[in-house]
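Reading through the structure tokens given below for one structure.
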Amino acid sequence: MSSKTILNDASLTFLEQYLNNASPTGYESAGQKLWMEYLTPYVDTFITDTYGTAVGVINPDAPYKVVIEGHSDEISWYVNYITDNGLVYVIRNGGSDHMIAPSKRVNIHTKKGIVKGVFGWPAIHTRNRGKEEPAKIETIFIDLGCNTKEEVENLGVHVGCVITYPDEFMVLNENKFVCRAIDNRIGGFMIAEVARLLKENGKKLPFGLYITNSVQEEVGLRGAEMITQTIKPNVAIVTDVCHDSTTPMIEKRIEGDTQIGKGPVITYAPAVQNNLRELILDTATKNEIPFQRLASSRVTGTDTDAFAYSNGGVASALISLPLRYMHTTVEMVHREDVENVIKLIYETLLNIENEETFSYFK
């Protein structure tokens, strides 16, 4: 299967719709419904849980269970405090970056619908030139065009409302996908494409496949922690994003050397089961799929950790998509990397034997 033929027009239409839809941590259900609708033709049934994780299942009665997983949530802000003169101060919902906030437009999600606002910032003319105040969580604020707290509340805005950026999908130079929330809705997209390809190519797996779109990764892998107890898988292949370390002000000696356009990134870490990782590497080599390597100290910081250390230990591995400008509104990935991650997961599934334990003690 050539990676050049993986994504079709319907795939790209869904990707754009799925990315443009807001799915902040704790409020992922609208995006999950879009994802489930797209996935429905390719799976036998669905599992959902109390907090909103969605799982498409192929061969639900099979005793041996393999998970392929991404997370559905995006970073955002919460309304934390409304001043008497109608300005809004925020706290993070996930790892939102205060440095990029000034002058950004925002959507505040209320029961009355979306309320528009902007992150204000003092003009360059008025700032202390000797010692400029940097953007900090304590100094950034949202202006809704209101003069009083009462005006803000009349719009439906209150403490606890969630705030997202409206930035939408675009393509740069024909093959770079750019959007907010590519971390990690692109993961949910890629695992859905794996399911589509299995169906369209008539591939029958000997085990149960659980295409898992977890919630609440950005606040501590919480969705994965919950759903792994429900599924109780034997194997978990997780996909998330990692840093392109070739752009300015990133130290390769610390972050490693990974780049968009050079292929999927295979992680070495204690949570990554070595035999499963080697199967993935062998699959990449056999199928001439380019790949890169990355080492993670102690934890991967992805849902891999949640699956690996659950249920007495689940053989888990991480296939990452290199990305520029993580946790900004202009996250950027390479189309060929997206296609090669899909292809690598697909081909790896075809190489996993039913009831494989991946034991070190065979």
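The values are calculated or read from the model by the stated rules, or taken from the named source; none is laboratory data. Source: prediction; values computed, not measured. Here the Cβ positions follow ideal geometry from the backbone for every residue, glycine too, while neighbour counts run over all protein chains shown. Surface areas here come from the heavy atoms of the whole protein model, side chains and all, with no ligands, DNA or RNA. Shrake-Rupley method; radii C 1.70, N 1.55, O 1.52, S 1.80 Å.
Heavy atoms only, probe 1.4 angstrom, no DNA, RNA or ligands counted: give me 334, 109, 125 ranked by accessible area, highest first. If you can, show how the numbers build up before the last one.
Working: 334 20, 109 55, 125 140 Å².
Accessible-area ranking of 334, 109, 125, largest first: 125, 109, 334.
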Taking all protein chains as present, what is the carbon and sulfur share of the accessible area of the stretch 76-164, in % to the nearest whole number, probe 1.4 Å?
-> 52 percent
At what distance in angstrom do the alpha carbon centres of the stretch 204-256 and the stretch 24-78 lie from each other?
-> 13 Å
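Sorted by accessible area with a 1.4 angstrom probe, largest first, how do 65, 149 fall? Walk me through the numbers before you get to the answer.
Numbers: 65 50, 149 80 Å².
Correct descending sequence by accessible area is 149, 65.
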Can you run phi through the Karplus equation (6.51, -1.76, 1.60; θ = phi - 60°) for the stretch 310-316 and list ³J(HN,Hα) in whole Hz, with x for Gly and Pro?
-> 10, 6, x, x, 10, 4, 10
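Round to the nearest 0.05 the FRET efficiency obtained for residue 81 and residue 361 when R0 = 41 Å and r is the Cβ-Cβ distance.
Working: r = 56 Å, r/R0 = 1.38.
Efficiency computed from Cβ-Cβ geometry: 0.15.
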Please list 262-271, 156-165 highest first by mean number of surrounding beta-carbon atoms within 10 Å per residue.
-> 262-271, 156-165
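Using 0.36 nm times the number of residues separating residue 230 and residue 171, minus their current alpha carbon distance, what extension gain do you get? Before the final figure, lay out each step's value.
Details: separation 59, 0.36 × 59 = 21.24 nm, distance 3.79 nm.
Length gained between residue 230 and residue 171: 17.5 nm.
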Using 0.36 nm per residue, how much length does the chain from residue 139 to residue 353 gain when fully extended, once their Cα-Cα distance is taken away?
-> 71.5 nm
With a Förster radius of 25 Å, plug the Cβ-Cβ distance of residue 299 and residue 103 into 1/(1 + (r/R0)^6) and report the FRET value to the nearest 0.05.
-> 0.10
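For residue 286 and residue 200, compute 0.36 nm times the residue count separating them, minus their Cα-Cα distance, and round to one decimal in nm.
Numbers: separation 86, 0.36 × 86 = 30.96 nm, distance 2.23 nm.
Stretched out fully, the residue 286 to residue 200 stretch lengthens by 28.7 nm.
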For the chain, longest principal axis from Cα atoms; helix 29-39 axis from its Cα atoms; angle between them, nearest 10 degrees, is 30 degrees
How far is helix 182-200 tilted off the main Cα axis of the chain, in degrees rounded to 10, range 0 to 90?
-> 30 degrees
Solvent-accessible surface ranking, highest first, for 118, 178 at 1.4 angstrom | 118, 178
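Over the chain, what is the relative contact order in percent, taking alpha-carbon pairs closer than 8 angstrom and at least six residues apart? Let's see the in-between values first.
Details: 796 pairs, mean separation 80.2, N = 362.
Here the relative contact order equals 22 percent.
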Measuring from a point 7 Å past the Cα of residue 48 along Cα-to-C-beta, which residues in the stretch 11-28 have an amide N at less than 18 Å?
-> 18, 21-28
Report the longest stretch of the chain that contains none of the GluC sites (Glu not before Pro) sitting in a DSSP loop with at most 11 other Cβ atoms within 10 Å.
-> 1-131
On a C-alpha basis, how far is the centre of the stretch 262-323 from the centre of the stretch 126-187 in Å? Whole number, if you could?
-> 33 Å
